[in-house]
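Q: Supplied in structure tokens, the structure appears directly below.
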Amino acid sequence: MIMTKNLLLISATTTLFLSCQPGGTDSHHTDGLDSIALAAITEDTYRTHVTKLSSDEFLGRKPFTKGDTLTVQYIEQQFKDLGLQPGNGDSYFQEVPLVEIASEPKNKVLTFKSETGTLSANYLDDYVIGSRRLQNDIDVAESELVFVGFGIVAPEFDWNDYEGLDVKGKTVVAMVSDPGRYDKSLFKADTMTYYGRWKYKYEEAARQGATGILLIHETEAASYGWNVVRSGWSGPQLDLISEDNGTSFSEFEGWISNETAKKLFQLADISPNVMEEAKKPGFKAIPLHVSTSVGIHNTFRKSTSNNVIAKLKGAKRPDEVIIYTAHWDHLGVGEPVDGDTIYNGAIDNAAGVAALFEIAKAFQAAKAQPERSIIFLAVTSEEEGLLGSAYYAQHPIYPLNKTVANLNMDAFSALGATKDVSVVGIGQTEIEDYVEKSAAKFGRVMKGESDPTSGGFYRSDHFNFVKAGVPGLFMGAGSELLSTDTVDIERRREALAGRYHTVTDEVDENWDFSGIIADIRLFFDIGYTMSMESTFPNFKAKSEFKELGDKRLKGL
């Protein structure tokens, strides 16, 4: 175990805090902090679980692979060893029916044609493409391209990129993000709305009847580089099985690189500055007078993956539940990078799954057992579009109107302990009041996310609970590091940078576990506090989900 300065500092801070409370450090439960429960959360066992789950043995934990089987069996065994009850009747599993679709372009070169010339785009380097329709072959001939700006229809923000447009049979080309990123007087300023997410743009294109959609990648707006698009949207893709076998989706969905988009506009004899114009109110969609033909061969198979679920029964109100979630899946085995093909997913999200085990230990060690039931839910297929949590929200094992809150753990920071704690999507739910109070017990402060333009609130599993009217928390480390060793901080910052969705997301000597342990203890205290109360947090008044929350509470 590496005993860093940060770990010593935060341990000393916790001890000092507890010693200042009535009864000093001999008190097991002071001012809401249970020192015995907190001590049950340890770096040794946590590190062991993270290292194990992100080892090559688990093959990147991709659903529908051997790594899937190994992972869910490991999680089930840990839940059993911890003495937790099965969370789904007499089973620790909730089967999630999925379909795996492998889309392969029939021609690796995608050709765009205008009256004046052609543009060739190379698969993976310049574009990615696929189809969610359960058809063996997708063949689209000479589909006209239309640039639709952001591809957003948002009446509440007086914005409609499809106004007066008929895109049936056509391919829409759209930008990522939303207008607020570029003009703080629009939408929710630099806090991205759901309208900025790629998933929404796919959904809207289908609602409009578009044959296909191509998103223009831009690193800052997307908050990830082309390498993430290349690895994440190529190869087999998973989806929930729909009743219509995917016919409600556009025939094809894909991305083009920013450089390819600029060349496309040049082919259309349109200035690339059109993307700047599209960021302003009143923009009208522009037919590009460019066409493309797309051929895709699909192979698909239906099977099941599993959410893994366990329960600690509440002492007084066991029918009311607080659900901790963490997704167990990652990207599996992919393209070799320096000879390494396994996308281990240590930060994303072996770190979150291991936190479920530590929090379970803390609840069991608590002097006073929780009055409400605590559910530990490791969900599948987050990387494929939050599918495991979507399935749970659509098929809840515990009634949603008896679900107090969802506390979601996804991608902790290994940089070190921080004074502040970051709430993603701050201003959305009353859970923030609990975060603020619990953080203060540890001498910490609550802040918003450092980059609200990334749309993080819509990018993890809590969001499926939110869409069902259950307040969800997505929380992580802040930016005010406790360590004053700037040289060490910069060394680790550089070493840990760029690991997201790559083969380098592994546990190594650059990890500082102190901040993760501090955040896990905070997650525990938030849930523990809720478990001892009878109130149900709701959404904040200005949240777009407040009406959904009100409907849920009316069912109590």
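Q: Which one is most open to solvent (accessible area, probe 1.4 Å) among residues in the stretch 237-276 that are among the acidic types (Asp, Glu) and in contact (Cβ under 8 Å) with a residue 40 or more places away in the chain?
A: If we take residues in the stretch 237-276 being among the acidic types (Asp, Glu) and in contact (Cβ under 8 Å) with a residue 40 or more places away in the chain, then Asp269 is most open to solvent (accessible area, probe 1.4 Å).
Q: Against the definition (in contact (Cβ under 8 Å) with a residue 60 or more places away in the chain and touching a Pro at 6+ places or on another chain (Cβ under 8 Å)), how does Ser389 come out, yes or no?
A: No, not satisfied.
Q: Any residue in the stretch 501-512 that's more than 23 Å from Gly334 (Cβ to Cβ) and part of a loop (DSSP other than H, G, I, E, B): show its pairings with residues that are open to solvent by 20 Å² or more (accessible area, probe 1.4 Å) and of a type in the set (Ser, Thr, Tyr) at Cβ separation under 7 Å, as long as the two are six or more apart or on different chains.
A: Sorted first by the residue in the stretch 501-512, then by its partner, the pairs are Asp512/Thr4.
Q: Right, another one. Identify, from the list Arg181, Arg132, the residue that is out of contact with any helix residue (DSSP H, G or I) (no Cβ under 6 Å at 6 or more places or on another chain) and buried (at least 21 other Cβ atoms within 10 Å of the Cβ).
A: That would be Arg132, the only listed residue that is out of contact with any helix residue (DSSP H, G or I) (no Cβ under 6 Å at 6 or more places or on another chain) and buried (at least 21 other Cβ atoms within 10 Å of the Cβ).
Q: Go through the stretch 536-550 and count every residue that is at pLDDT 90 or above and closer than 25 Å to Phe187 by Cα.
A: 10
Q: All but one of (1) surrounded by 18 or more Cβ atoms within 10 Å (Cβ to Cβ); (2) farther than 28 Å from Gly334 by Cα; (3) out of contact with any strand residue (DSSP E or B) (no Cβ under 7 Å at 6 or more places or on another chain); (4) of a type in the set (A, V, I, L, M, F, W, C) hold for Leu553, so report the exception by its number.
A: (1)
Q: Kindly indicate whether any position in the stretch 192-211 is farther than 26 Å from Ser143 by Cβ, within 25 Å of the chain's Cα centre (by Cα) and not aromatic (Phe, Trp, Tyr).
A: yes
Q: Hey, does the stretch 137-145 have a residue that's part of a loop (DSSP other than H, G, I, E, B), modelled with pLDDT of 95 or more and open to solvent by less than 60 Å² (accessible area, probe 1.4 Å)?
A: no
Q: Pairs only if they're at least six apart or on different chains, beta carbon under 6 angstrom, first in the stretch 90-106 and of a type in the set (Gly, Ala, Ser), second open to solvent by 30 Å² or more (accessible area, probe 1.4 Å); list them, first residue then second.
A: If the second residue must be open to solvent by 30 Å² or more (accessible area, probe 1.4 Å), the pairs left are Ala102/Pro236; Ala102/Thr299.
Q: Please find, within the stretch 220-252, the residue that is nearest to the chain's Cα centre (by Cα) out of those that are under 24 Å from Ser143 (Cβ atoms) and charged (D, E, K, R).
A: The qualifying residue nearest to the chain's Cα centre (by Cα) is Asp239.
Q: Does Thr30 satisfy the condition of being at pLDDT below 55 and either open to solvent by less than 10 Å² (accessible area, probe 1.4 Å) or assigned by the TED database to the domain that holds Ala351 (or both)?
A: So Thr30 fits the description; yes.
Q: Continuing with the same structure: Quick check: is even one residue across the stretch 193-216 over 24 Å from Glu163 (Cβ atoms) and either free of Cβ contacts under 8 Å to residues at least 24 places away in the same chain or touching a helix residue (DSSP H, G or I) at 6+ places or on another chain (Cβ under 8 Å) (or both)?
A: no
Q: Spot the failing condition for Leu18; the list is (1) in a helix (DSSP H, G or I); (2) modelled with pLDDT of 95 or more; (3) open to solvent by less than 30 Å² (accessible area, probe 1.4 Å), and only one is missed.
A: All conditions pass for Leu18, except number (2).
Q: Please go through the stretch 437-459 and pick out each residue that is at pLDDT 95 or above and either under 15 Å from the mean Cα position of the chain (by Cα) or of a type in the set (A, V, I, L, M, F, W, C) (or both).
A: Those that are at pLDDT 95 or above and either under 15 Å from the mean Cα position of the chain (by Cα) or of a type in the set (A, V, I, L, M, F, W, C) (or both): Ala439, Ala440, Phe442, Val445, Met446.
Q: For the stretch 501-516, which positions are buried (at least 24 other Cβ atoms within 10 Å of the Cβ) and under 21 Å from the mean Cα position of the chain (by Cα)?
A: Within the stretch 501-516, Asp505, Gly515, Ile516 qualify.
Q: Which residue pairs have Cβ atoms closer than 9 Å, lie 6 or more positions apart in sequence or on different chains, and pair a first residue in the stretch 446-459 that is among the polar types (S, T, N, Q) with a second residue that is open to solvent by 50 Å² or more (accessible area, probe 1.4 Å) and outside any loop (DSSP other than H, G, I, E, B)?
A: From residues that are among the polar types (S, T, N, Q), the pairs are Thr453/Arg181; Thr453/Glu220.
Q: Let me ask something else. Out of Glu115, Glu156, Glu100, which single residue is assigned to a loop (DSSP other than H, G, I, E, B) and either open to solvent by 70 Å² or more (accessible area, probe 1.4 Å) or touching a strand residue (DSSP E or B) at 6+ places or on another chain (Cβ under 7 Å) (or both)?
A: On inspection, the qualifying residue turns out to be Glu115.
The values are calculated or read from the model by the stated rules, or taken from the named source; none is laboratory data. Note that the structure is predicted; figures quoted are calculated from it, not measured. We place every Cβ from the backbone using ideal geometry, glycine too, and count neighbours over all the protein chains shown. Accessible surface areas use protein heavy atoms only, side chains included; no ligands, DNA or RNA. Shrake-Rupley method; radii C 1.70, N 1.55, O 1.52, S 1.80 Å.
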